[in-house]
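Visitor: Below are the structure tokens for one structure; questions will follow.
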Amino acid sequence: VASRARAGMLRGLLSRHILRAPTPRSRLHARFASSGRVAPATASQARGPISRRPPTRRVPSLERIFSSPANAQPAAFPACGRPTTPRAASSEDTDMAALPKGDGAEALAAQSCADLGACSRDTPRLTPEQIATHARAVPSWVVSEDSTTLVRSFTAKNWACAFSFLNDLSNVAETEGHHPDVHLTNYREVRIVLTTHAIGGLSMHDFVLAAKLDALDVTYSPKWLRENARDA
């Protein structure tokens with residue numbers, strides 16, 4: 001029993017001594033504190049807590065992406081979507097010069113829909129005889145069976161050529177204040193329908209605008225142009 005008691009007392013003394021014994025770091029702080037200096041921080045304390053952030057992935061800017069040679073846009077895209085090298089337009093498929101123009105076309109084109117006045121219910125409706133006379137000046141247009149519309153259809157070389165013509169058409173229509181119905185099908189087939197909506201028939205406005213639209217440049221499908229120029 002006495003030996004166990006002595007062993008217990010010994011363990012108690014050792015534990016108190018160990019708890020009171022200063023660590024090397026404690027002794028260092030005590031030594032610097034007595035001299036009025038501050039103990040230097042350890043390397044880990046100087047760096048502070050280590051933040052483990054995921055690696056940042058660098059994303060190239062859109063400007064760099066689209067300016068790279070691999071993403072450079074070709075100069076032109078035909079309707080099939082394959083890039084091609086632009087070529088000089090030939091007289092075969094450039095403008096209306098290869099298509100027929102009737103007598104009186106220039107006189108019609110010289111007029112202005114704005115000078116004829118705004119379309120209304122009072123706009124004079126052309127007689128069948130007048131329609132037949134003016135139709136000879138614009139042979140690319142077809143008068144409907146009921147003599148209420150003028151229709152012109154053609155096939156452009158590709159989508160871009162069709163829309164280039166439609167943009168020019170829009171500018172002319174806005175300037176003249178007379179607007180046709182426009183249809184674009186099969187990505188390059190253009191159909192223009194002229195009528196004076198206010199009277200449900202044809203007026204001088206329609207033939208004047210038809211002559212002006214015939215003066216616009218169009219890049220036609222070479223095949224369509226050959227066939228229509230030959231038939232004319």
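The values are calculated or read from the model by the stated rules, or taken from the named source; none is laboratory data. All values reported here derive from a predicted model rather than from experimental measurement. Neighbour counts run over all protein chains shown; Cβ positions are idealised from the backbone, glycine included. In case anyone asks, the SASA skips ligands and DNA or RNA and just uses the protein heavy atoms, side chains included. Shrake-Rupley method; radii C 1.70, N 1.55, O 1.52, S 1.80 Å.
Visitor: In segment 173-231, what residues are in a strand (DSSP E or B), of a type outside the set (S, T, N, Q) and farther than 21 Å from W159 by Cα?
Guide: Correct list: L194, G201.
Visitor: OK, next. Scanning for something part of a loop (DSSP other than H, G, I, E, B), in contact with a helix residue (DSSP H, G or I) (Cβ under 6 Å, 6 or more places away or on another chain), in contact (Cβ under 8 Å) with a residue 60 or more places away in the chain and closer than 20 Å to G201 by Cβ, does segment 138-160 turn up at least one residue?
Guide: yes
Visitor: Can you say whether H178 is surrounded by 19 or more Cβ atoms within 10 Å (Cβ to Cβ), in contact with a helix residue (DSSP H, G or I) (Cβ under 9 Å, 6 or more places away or on another chain) and within 14 Å of G201 (Cα to Cα), as far as the supplied structure shows? Don't jump to the end; show me each part of the working.
Guide: Values: surrounded by 19 or more Cβ atoms within 10 Å (Cβ to Cβ): yes; in contact with a helix residue (DSSP H, G or I) (Cβ under 9 Å, 6 or more places away or on another chain): yes; within 14 Å of G201 (Cα to Cα): yes.
Yes; evaluated as a whole, the condition is true for this residue.
Visitor: Regarding segment 203-210, can at least one residue be identified that is open to solvent by 40 Å² or more (accessible area, probe 1.4 Å) and farther than 17 Å from R136 by Cα?
Guide: No - not one qualifying residue is present in segment 203-210.
Visitor: Quick check, is A135 open to solvent by less than 60 Å² (accessible area, probe 1.4 Å) and under 27 Å from C119 (Cβ atoms)?
Guide: Yes, satisfied.
Visitor: Just name the residue that is nearest to the chain's Cα centre (by Cα) out of those in segment 138-175 that are open to solvent by 70 Å² or more (accessible area, probe 1.4 Å) and closer than 13 Å to L216 by Cα. Before you say what the answer is, go through the steps one by one.
Guide: Keep residues of segment 138-175 that are open to solvent by 70 Å² or more (accessible area, probe 1.4 Å), which gives 142, 145-146, 159, 163, 167, 171, 174-175.
Those left that are additionally closer than 13 Å to L216 by Cα: 163, 167, 171.
On the way: F163: 14, N167: 15, N171: 20 Å.
That would be F163.
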